[in-house]
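Below is one structure, written out as structure tokens; the observations come after it.
Any read-out appearing in this document is the output of simple, stated calculations on the displayed coordinates, not a laboratory observation. Remember, it's a predicted structure, so these values are computed and weren't measured experimentally. Cβ coordinates were reconstructed from backbone atoms using ideal geometry, including for glycine residues, and neighbour counts include every protein chain displayed.
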């Protein structure tokens, strides 16, 4: 085939081949829709792994140690849906700014009385609630036990003034959203976690685009490779005949 004709064939075939590749990447061989991320703290290091790279460690887990869920608007509206969890840890002291109680508590009056004594005070924050662990107020010292962490929360009708960090915490008589400001020590720990989560999500998002673009281009690249093989085969055959 003359080179001019091949160029016209390539132009005509490119769009169907790209559409075929897009169909492969979006429907036939799609990237994972959901990814679990788990983070663990080792001294001043925070290590996160995900279910794409370590599927066995997620699937073969027999015991469920205490963990807490991590969420943020920065983790939403991505190409992949993320469930981020981290191992239980004591973060440090925080100042409780506001508390919004859950609906349906057994004794709302007792719950309101309990949380009013906490607002504005400092407490030792522990993320990840184990069996029989609850927030407790000793008067001079308070301990918060919470099973979620959310940062950069956007204002909502029922939570108009969220702080820089928020957590769902539980006590003997109450449970609800606690908005808090971390101490410098606690902020260092939370910043490490945020950075590790952000780095892991960034890696997965890059993998998504590499996978999507690679599969989209694959049929066109295969066409070019096969064309090159045919061209070289014909050249080799012509050389042999001429010899």
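Using the per-residue mean of other Cβ atoms lying within 10 Å as a proxy for protection, in what order, highest first, do the peptides 24-36, 138-150 fall?
Values: 24-36: 13.8, 138-150: 16.4.
By packing density, highest mean first, the sequence is 138-150, 24-36.
So what's the angle, to the nearest 10 degrees on a 0 to 90 scale, between helix 184-242 and the longest Cα principal axis of the chain?
Long axis of 184-242 versus the principal axis of the chain: about 10 degrees.
Which ordering of 134, 194 is given by a fewest-first count of other beta-carbon atoms within 10 Å? Walk me through the intermediate numbers first.
Working: 134 15, 194 19.
Lowest to highest Cβ neighbour count: 134, 194.
Normalised radius of gyration for the range 1-105, please: alpha carbon Rg relative to 2.2 N^0.38 Å, two decimal places.
Working: Rg = 23.8 Å, N = 105, 2.2 N^0.38 = 12.9 Å.
Scaled against compact globular proteins, the figure is 1.85.
Compute the acute angle (0 to 90°) between the alpha-carbon long axis of helix 3-23 and the principal axis of greatest extent of the alpha-carbon atoms of the chain; round to the nearest 10°.
Approximately 30 degrees, to the nearest ten.
Can you pull the one-decimal nm distance between simple spin-label points at residue 188 and residue 239, each 7 Å off the Cα toward Cβ?
Label-label distance for residue 188 and residue 239, simple model: 6.7 nm.
Over the chain, what is the relative contact order in whole percent, taking alpha-carbon pairs under 8 Å and six or more residues apart?
23 percent
Here are a few candidate values for P(r) over Cα pairs in 5 Å bins from 0, in percent: (i) 1, 5, 11, 13, 12, 11, 9, 7, 6, 5, 4, 4, 3, 3, 2, 2, 1, 1, 0, 0, 0; (ii) 1, 6, 13, 18, 19, 16, 12, 8, 5, 2, 1, 0; (iii) 1, 7, 16, 21, 22, 18, 11, 4, 0. Which one was actually calculated from the structure I just gave you?
(i)
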